[in-house]
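**Q** I have a structure here, written as structure tokens, and I will follow up with some questions on it.
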């Protein structure tokens, strides 16, 4: 242990902030950075720990962000090291939150006093209980004097099973109550465990040597992969031989240090601390999130299972290797991202990519464009289905609608257990969702002035504009969370899209047979509005099998090639018209229709 904390684990606190999206986690983190003087006031900016442009554009946290704060307590005058991890709030990024739990001993559960307990509040609290971390409750945005403040306070105390006075009333915006909350972190949250002299744990540690859990990573052109770690045993310094336990890759550390909040090199990082280790590794495939640096395997994380699948192809086929490197670097910061090689007769080589949800897909698509300047063509978001082929005994998984064979005996789709939390007044509008989505029976539970609705629904319905419809019907006051359930047999079929006689790669979809004709007609009409005009007519055909079930035509752009002619023989005009017609035929024969990502997003809307 270095001298800065006096050689005592009791002077370290490792904690995270968890909440529903938009509850004010990042704003609270800003105030903590100010109070501890980790960031000077002149350097401060809103959402300081949200370093990605996308996070600032969308106003949400996408990536967990660690920071080390040195703080002298007002209660005992002692100096403490406070390691904070700010976490995302959207359910698509719950895996980020679960990884943070492995690196900390406690959490602040933040509740928006203007909104009350929301679905992801409940989901995060359940995760925290399972992880065995200590929870401190706090109501944020009390400066807005919400009329339901006392009700939300009671709900939060009931959820945490604690007295009302244990719930803090704070404002991340004005700083009200934040210093008191920080002092409570020191008092209520446990320090990293200090083994008792002669205990079994101490003997186990003495043989463990060094061990640091990798909970995140980034790539640096000069230092290679930089691992974000929580040290559980021993200590690490720069220029030191060690290894990655899971992959058995030997490394020599180039640098170690802390997040203050930018990376700051140190002589060493020791047991109980959170910091970074620059590994020098240049191959992104060699380091996995959840691996251990050192001598003893710390167990890592359960692998996240992708739920939404999209194929990506470089717009320029020669940029395949650049796309591959882009995904490798993205996977370092996002271990939930899964990629496999893919191939298409028209678009060539690409990647089939697995995501945790629709927002996860949208974020990665934007990062490819903004961070790596990659222009891609992608397929329609789909889920993994299971089919039983004729005379087959086992179910086969397909992740791309185009892999659905012409003949099959059964098809099964993934289901989710959905929880919606909303003010009681919106129960009626929420019930109308059953008219738009294939939802099961709704079970309701009253919670003071709120209602918790539980139901089952196909996963594909969730990524088809469900969140936008829920927000619209409830004016943004409802929230939801979900967990994967089992597969269920369904009556589904595939539709394909032809534009200008060519199949549009990626627009194939698997839909309920009872809705297929209606959905096909709507899709044809919307494509007619969304696709740009060309110099030639574009016929849009929606097919299922060999049958055309919907058709629209995009009229060609017209150019008056005879406008400069005045009077005279009509024959000259007819020759020009004929030449124009032949030119359009040649264009049609060479036509290649590209569908932008914006078109896919519009087609997902109900």
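**Q** Please compute the contact order of the chain in relative form: average sequence separation of alpha-carbon pairs under 8 Å and at least six residues apart, divided by the residue count, as a percent. All intermediate terms of the calculation are to be shown ahead of the outcome.
**A** Details: 1228 pairs, mean separation 57.3, N = 606.
Relative contact order, the chain: 9 percent.
**Q** On a 0 to 90° scale, report how tilted helix 178-188 is relative to the longest principal axis of the chain, with both axes built from alpha carbons and the result rounded to the nearest 10.
**A** Tilt relative to the chain: about 60 degrees.
**Q** To continue, here is another question. With angles folded into 0 to 90 degrees, how steeply does helix 516-530 sit against the dominant principal axis of the chain? Use alpha carbons for both and round to 10.
**A** 90 degrees
**Q** Something else about it: Take the alpha carbon atoms of the stretch 327-391, find their center, do the same for the stretch 77-121, and report the distance between the two centers in whole angstrom.
**A** 28 Å
**Q** Also, I was wondering about something else. Using only Cα atoms, find the angle between the long axis of helix 571-590 and the longest principal axis of the chain, and express it within 0 to 90 degrees, rounded to the nearest 10.
**A** Rounded to the nearest ten degrees, it is 40.
**Q** I need 86, 92 ordered by Cβ neighbour count within 10 Å, fewest first.
**A** Ranked by crowding around the Cβ, least crowded first: 92, 86.
**Q** Can you give the FRET efficiency to the nearest 0.05 for residue 371 and residue 452, using r as the Cβ-Cβ distance and R₀ = 41 Å? The partial results should precede the final answer.
**A** Details: r = 39 Å, r/R0 = 0.94.
With R0 = 41 Å, the Cβ-Cβ based efficiency is 0.60.
**Q** How do 338, 264 rank when sorted from fewest to most other Cβ atoms within 10 Å of their own Cβ? Walk me through the numbers on the way to the answer.
**A** Values: 338 18, 264 12.
Ordered from fewest to most neighbouring Cβ atoms within 10 Å, 338, 264 come out as 264, 338.
**Q** Relative to the compact-globule scaling 2.2 N^0.38 Å, provide the ratio for the alpha-carbon radius of gyration of the stretch 125-189. Before the final figure, lay out the partial values.
**A** Details: Rg = 12.3 Å, N = 65, 2.2 N^0.38 = 10.7 Å.
Ratio of Rg to 2.2 N^0.38 Å for the stretch 125-189: 1.14.
**Q** Next question, about the same structure. Restricting the count to DSSP beta bridges whose residues both fall in the chain, what percent are antiparallel, rounded to a multiple of 5?
**A** Numbers: 103 of 123 bridges.
Beta bridges within the chain, antiparallel portion: roughly 85 percent.
**Q** Rank the residues 254, 129 as a footprinting-exposure proxy: fewest other Cβ atoms within 10 Å of their Cβ go first.
**A** Ranked by crowding around the Cβ, least crowded first: 129, 254.
**Q** Divide by every residue of the chain the summed helix terms, -39500 (n - 2.57) for each DSSP H run of at least 4, and state the resulting mean residue ellipticity at 222 nm, rounded to the nearest 500 deg cm²/dmol. All intermediate terms of the calculation are to be shown ahead of the outcome.
**A** On the way: 15 runs with 160 residues, N = 606.
Here the helix-only value at 222 nm equals -8000 deg cm²/dmol.
None of the figures in this text is laboratory data; all of them are computed from the coordinates on show. Note that the structure is predicted; figures quoted are calculated from it, not measured. Ideal geometry is used to build each Cβ from the backbone, glycine not excepted, and the neighbour counts take in all protein chains shown.
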